[in-house]
1. Name the one entry in V78, V92 that is modelled with pLDDT under 75, under 17 Å from H30 (Cα atoms) and not aromatic (F, W, Y).
2. Looking at (1) surrounded by fewer than 11 Cβ atoms within 10 Å (Cβ to Cβ); (2) at pLDDT below 85, which is the one condition that is false for N132?
Amino acid sequence: MTDNELLLAIANIMDKKLDARLTPIETDIHDMKSDIKSMKADILDLQNDVRFIKDDVSSMKTDILDLQNDVCFIKDDVSSMKADILDLQNDVRFIKDDVSSMKADILDLQNDVRFIKDDVSSMKADVLDLQNDVCFIKDDVSSMKADILDLQNDVCFIKDDVSSIHLTQENIILPRLNTIESCYTTTYTRYKTYADKMESAFVDIDLLKKVVSEHSERLPKIS
């Protein structure tokens, strides 16, 4: 056997071993892509639900902002996952280029794939929980809309009562208060005008009492 034939045989053996080791990885990557595709569809449905909630509760800015932040967090997680997949693709290219470190790199890649599969499973569970949370939020929003409608009706009744009170105050209470004020003002003016005269009258009455007392003492003596 020539050197070329020997090298060719060795290369064929290494290709078979490489294919045998890469086949499970390719299968795992294919499964992972399917899971990611399903997850993207779930996230798309979730985004549609979020838009529906935003249309129904335009006045609930705070709750919507919280939900938007949650969606942003999901987008950030997806972006991070894409970066991990890109790193995985780079690792696969490095494995193809560097045959000498193939075994160690393949082992690392298998470990990375297992971690990613676990992360994808966890993310699928998180997406399901988030969908349930969105359903609860939609129910809460419907209940709050009913409560807000009742509150608006109560406010309308209160406005009517306030308007009635204002009319009563303007047409009945204020005219009566003005009349009472006028009476008290007139009485005060009259008493103020005759205050000095009353003091003089008291002096005259005291003098009259003295005169009557003196005459009472003299009448018995005269008789």
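1. It is V92.
2. (2)
The values are calculated or read from the model by the stated rules, or taken from the named source; none is laboratory data. All of these numbers come straight from a predicted model, not from anything done at the bench. All Cβ positions, even for glycine, are placed from backbone atoms using ideal geometry, and neighbour counts span all protein chains on display.
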